[in-house]
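For reference, the structure is listed below as structure tokens.
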Amino acid sequence: IPVDPFDLVIFGGTGDLARRKILPGLFRRYCAGQMPEEARIVGAARSALSSEDYRALVAESVREVSGGRACEDGTLDGFLARLDYVRIDARGSDGWEDLAALMRPEMVRAFYFSVGPGLFGDLAERIHLHGMASELARIVVEKPFGHDLASARELNATLAAHFDEGQIYRIDHYLGKETVQNLMAIRFGNMLFEPLWNSQYVDHIQITVAETVGVGGRGEYYDTAGAMRDMVQNHLMQLLCLIAMEPPAKFDPDAVRDEKLKVIRALDPVEPHHIVRGQYLAQDGEHPGYREAVNDPRSRTESYIALKTHVSNWRWAGTPFYLRTGKRLVARSSVINVMFKDAPHSIFGQEAGRHANVLSIRLQPNEGITLQVTIKEPGPGGMRLVDVPLDMTFAEALGPDGEDPPDAYERLIMDVIRGNQTLFMRGDEVEAAWAWTDPIIAGWQSRGEVPKPYDSGSTGPGDADLLMKRDHRAWRGIK
Ligand code: BG6
């Protein structure tokens with residue numbers, strides 16, 4: 001179904017995110033017939049380019065990302081025809097009148113701030129000043145949304161000076177992932193799980209986001225952030241919220257976000273001995289170690305985190321949540337495991353703590369959901385038990401003709417145009433997440449903690465296994 005016609009301005013329109021994610025994503029939505037004839041996309045950046053140059057640049061990125069597919073029959077030309085470019089000075093006055101002249105009245109207008117947070121205020125102010133902040137205007141901002149609670153508050157205040165909260169879309173691209181939304185469908189669309197979804201039946205929850213990539217060319221940013229700010233404060237926190245929150249009364253933006261906020265506020269502070277930080281080492285002389293990658297032989301920034309926390313409320317008291325994420329690990333795998341308790345009495349003599357029932361929600365790769373159950377091992381060998389997965393891999397469930405699910409960015413940008421904020425973070429959520437993270441980071445700093453080295457291609461530092469072992473538990477394998 002096509003969305004309403006819109007003007008979309010991408011500040012940082014020549015940057016990496018725009019070229020790798022935003023524009024190719026928009027192209028796929030165009031191919032899927034979701035973009036109306038009158039839609040217009042304006043790239044805005046510092047470089048002196050003509051609209052013609054910009055279209056050529058976008059064509060190149062789209063071809064690279066989509067592997068040349070769908071571009072032969074003139075589709076790409078049709079998409080490019082919707083593109084314009086304006087050279088703009090974010091801190092000055094150049095280009096703003098030109099941009100304002102392109103905006104059409106009575107139309108949805110989205111401004112995507114694909115730039116560093118240092119420019120958010122300048123952009124918001126100028127959009128306002130040049131009469132573009134109409135009621136139908138909305139702004140989209142990327143992470144990092146601040147560096148700590150104080151800077152996030154400042155950013156929120158800066159944006160609030162020019163836009164209402166209902167016009168501000170803070171992106172966490174994890175919320176746009178297919179399985180993440182399915183998590184809500186599974187929880188709140190079925191009767192089967194919700195009665196068991198509490199500390200009486202759930203032993204603990206594991207959330208793992210493992211990556212094989214290192215910090216790559218982003219060393220400068222990453223070294224000021226680390227895994228805590230880069231991944232835990234936002235992506236893992238959002239996953240935790242969706243797992244732990246109470247059923248909202250409606251699937252509407254504020255109802256969902258109110259419930260998520262309550263979870264963040266119920267999180268216990270993390271004890272120092274419940275956190276393990278790691279930093280990856282070089283691999284086979286082929287891949288540089290973390291410290292080389294960020295060009296600081298003494299860097300104390302973590303590229304890995306494992307931690308235990310509790311959601312201190314009626315539903316979850318006594319059920320720990322274990323979170324871990326890291327770079328240069330053995331496999332790329334994002335998965336949430338809900339580990340159910342043992343049956344209260346073992347009639348078959350199974351050992352304790354074996355977790356017969358595990359609900360695994362796989363975000364990537366191979367998106368899908370698996371419920372592990374125990375059955376009798378087939379054959380004449382007596383009453384021997386085995387664990388088998390009831391597997392629902394989305395690609396299989398939807399069949400070979402099933403449409404590829406849209407990439408997170410595609411979905412989220414279309415939600416911006418539709419005016420649906422459900423999958424975006426509200427200002428108070430972001431602040432609450434920082435309020436939980438700040439003391440943890442401050443603790444490391446005051447104690448002068450150095451992260452534990454771990455081998456690239458491993459599952460992270462051994463201490464992360466100990467964190468579990470002390471509780472008589474173990475991580476589910478990453479692969
Ligand atoms: C980003 C982080 O937000 O998410 C990156 O800044 C990380 O460091 C990335 O690699 C992971 O996203 P995805 O979608 O590849 O899991």
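Bear in mind that the values in this text are calculations on the coordinates, not laboratory data. Note that this is a predicted model, so its numbers are computed, not measured. Neighbour counts are summed over all protein chains in view; Cβ atoms, including those assigned to glycine, are modelled from backbone coordinates with ideal geometry.
Among the residues of the stretch 429-451, the ones that are of a type in the set (D, E, K, R) and out of contact with any helix residue (DSSP H, G or I) (no Cβ under 6 Å at 6 or more places or on another chain) come to 2 in all. Name the residue that is nearest to Thr325 (Cα to Cα), counting only residues in the stretch 184-214 that are β-branched (Val, Ile, Thr) and away from the ligand (no atom under 16 Å from the Cβ). Step by step, filter the stretch 184-214, then rank; the result is Ile205. Summed over the stretch 343-377, the residues that are in a loop (DSSP other than H, G, I, E, B) and touching a helix residue (DSSP H, G or I) at 6+ places or on another chain (Cβ under 8 Å) give a count of 2. If the condition is being away from the ligand (no atom under 12 Å from the Cβ) and either among the hydrophobic types (A, V, I, L, M, F, W, C) or part of a helix (DSSP H, G or I) (or both), then the stretch 238-251 contributes Leu240, Cys241, Leu242, Ile243, Ala244, Met245, Ala249, Phe251.
Which one is nearest to the chain's Cα centre (by Cα), of the residues in the stretch 342-380 that are within 16 Å of the ligand (Cβ to nearest atom) and of a type in the set (S, T, N, Q)? Top of the filtered list is Gln364.
Among the residues examined, Tyr304 does not qualify as crowded, with 20+ Cβ neighbours inside 10 Å, more than 16 Å from the ligand (Cβ to nearest atom) and not polar (S, T, N, Q).
For the structure I just gave you, tell me whether Ile186 is within 21 Å of Phe120 (Cβ to Cβ) and among the β-branched types (Val, Ile, Thr). When the stated conditions are applied, Ile186 does not pass them. Listed conditions (1) within 14 Å of the ligand (Cβ to nearest atom); (2) under 17 Å from the mean Cα position of the chain (by Cα); (3) not acidic (Asp, Glu) are all met by Gln181, apart from (1). Filter the stretch 288-300 down to the residues that are touching a strand residue (DSSP E or B) at 6+ places or on another chain (Cβ under 7 Å) and in a loop (DSSP other than H, G, I, E, B) and list them by number. Correct list: Gly289 only. Taking the stretch 187-209 as the search range and keeping residues that are within 19 Å of the chain's Cα centre (by Cα) and among the β-branched types (Val, Ile, Thr), which one is farthest from Asn357 (Cα to Cα)? Step by step, filter the stretch 187-209, then rank; the result is Val209.
Taking the criterion of being farther than 28 Å from Lys308 by Cβ and surrounded by fewer than 16 Cβ atoms within 10 Å (Cβ to Cβ), would at least one residue in the stretch 418-435 satisfy it? Yes, some residue in the stretch 418-435 is farther than 28 Å from Lys308 by Cβ and surrounded by fewer than 16 Cβ atoms within 10 Å (Cβ to Cβ).
This table checks each residue for (1) free of Cβ contacts under 8 Å to residues at least 12 places away in the same chain; (2) of a type outside the set (A, V, I, L, M, F, W, C); (3) farther than 21 Å from Asn234 by Cβ.
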{"position": "Val115", "(1), (2), (3)": "no, no, no"}
{"position": "Asp122", "(1), (2), (3)": "no, yes, yes"}
{"position": "Ile127", "(1), (2), (3)": "no, no, yes"}
{"position": "Leu136", "(1), (2), (3)": "no, no, yes"}
{"position": "His147", "(1), (2), (3)": "no, yes, no"}
{"position": "Arg153", "(1), (2), (3)": "no, yes, no"}
{"position": "Leu159", "(1), (2), (3)": "no, no, no"}
{"position": "Asp164", "(1), (2), (3)": "yes, yes, yes"}
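Flag not set for Lys260, criterion: more than 16 Å from the ligand (Cβ to nearest atom), without any contact (Cβ under 8 Å) to a residue 24 or more places away in the chain and either within 28 Å of Ile275 (Cα to Cα) or surrounded by fewer than 18 Cβ atoms within 10 Å (Cβ to Cβ) (or both).
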